[in-house]
1. Scan (1) within 11 Å of ligand 2 (Cβ to nearest atom); (2) in contact with a Phe, Trp or Tyr (Cβ under 6 Å, 6 or more places away or on another chain); (3) at pLDDT 95 or above for the single condition residue 37 breaks and write down its number.
2. Would you mind stating whether residue 28 is more than 8 Å from ligand 1 (Cβ to nearest atom) and in contact with a Lys or Arg (Cβ under 9 Å, 6 or more places away or on another chain)?
3. May I ask you to verify whether residue 16 is in a loop (DSSP other than H, G, I, E, B), touching a residue at least 12 places away in the same chain (Cβ under 8 Å) and exposed (fewer than 15 other Cβ atoms within 10 Å of the Cβ)?
4. What residue, among those in region 85-128 that are farther than 16 Å from residue 141 by Cβ, of a type in the set (Asp, Glu) and modelled with pLDDT under 95, is nearest to ligand 2 (Cβ to nearest atom)?
5. Out of 71, 45, which single residue is β-branched (Val, Ile, Thr) and buried (at least 22 other Cβ atoms within 10 Å of the Cβ)?
Amino acid sequence: MYNLLMVISSAEFVKSVSKFEDLLNLGALEFAFVGRSNCGKSSLINMLTSRKKLAKTSQTPGHTKLVNYFIVNKNKQNMFVLVDLPGYGFSKAGKEQSENWSPLIEGYLLNGKNLRRVFVLIDCRHKPTENDLQLIDFLYYNQIPFSVVLTKADKLSKAQLSKNLPLITATLKLGKENLIKSSSQTGQGREEILEIIERDLSFI
Ligand SMILES: Nc1nc2c(ncn2[C@@H]2O[C@H](COP(=O)(O)OP(=O)(O)OP(=O)(O)O)[C@@H](O)[C@H]2O)c(=O)[nH]1
Ligand SMILES: [Mg+2]
């Protein structure tokens, strides 16, 4: 059967929030992007919405420090919210900064009445970290639906990616059929992720 991919007719930045008390309720389901600093969360949001500069990206890890809300298809039947969260696990100038994920991330994940799914992003070149595993445990424990996305797939050849995959699947204890390969450069994974979002939106 031929499936039409969901149309993204608009995507707008709504607000950046720094405090738990200020988290928003936009009256639409939320899809959050979580992962290590620099793993490509903001870039993926831009790729999914086909808006190059919607979410700010940077080569310097730790760029996104706030909870950023973006509303997609505003006032349409298939309206939803993308949430760009701060990254975890980087150190800067000898000073440990957000080595563990910030209380804001945890607060957001536990608060969310509207949170429909978390996309856990892992750079396909690296072995998942202790923080990635803790995040996944946390999501299992709190029964928050999630999908794992392997980012930056364009940076590895097919052969290199196949070589890395067993390390990632064994560390995460997830079958490879449960991992979505993506690239913000080539658009790989866009359909798969939008299909998940569309399916989630239709089961409410
Ligand atoms: N080649 C390639 N580069 C990517 C991809 N995704 C992100 N990058 C690059 O990786 C760097 C970090 O990307 P961001 O999207 O800012 O990462 P982030 O996870 O939002 O980072 P923080 O906000 O610091 O947590 C930028 O230089 C991006 O251009 C990808 O799929 N392919
Ligand atoms: Mg970012």
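The values are calculated or read from the model by the stated rules, or taken from the named source; none is laboratory data. What you see is a predicted model, and the numbers here were worked out from it, not measured in a lab. Counting neighbours? That spans all protein chains shown, and the Cβs are built from the backbone with ideal geometry, glycine included.
1. Every listed condition holds for residue 37 apart from (3).
2. Against the criterion (more than 8 Å from ligand 1 (Cβ to nearest atom) and in contact with a Lys or Arg (Cβ under 9 Å, 6 or more places away or on another chain)), residue 28 qualifies.
3. No, not satisfied.
4. 99
5. Every option except 45 fails the conditions.
Let's see how each residue does on (1) part of a strand (DSSP E or B); (2) away from ligand 1 (no atom under 12 Å from the Cβ); (3) at pLDDT 95 or above; (4) of a type outside the set (A, V, I, L, M):
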site: 32; (1), (2), (3), (4): yes, yes, yes, no
site: 55; (1), (2), (3), (4): no, no, no, no
site: 58; (1), (2), (3), (4): no, no, no, yes
site: 62; (1), (2), (3), (4): no, no, no, yes
site: 77; (1), (2), (3), (4): no, yes, no, yes
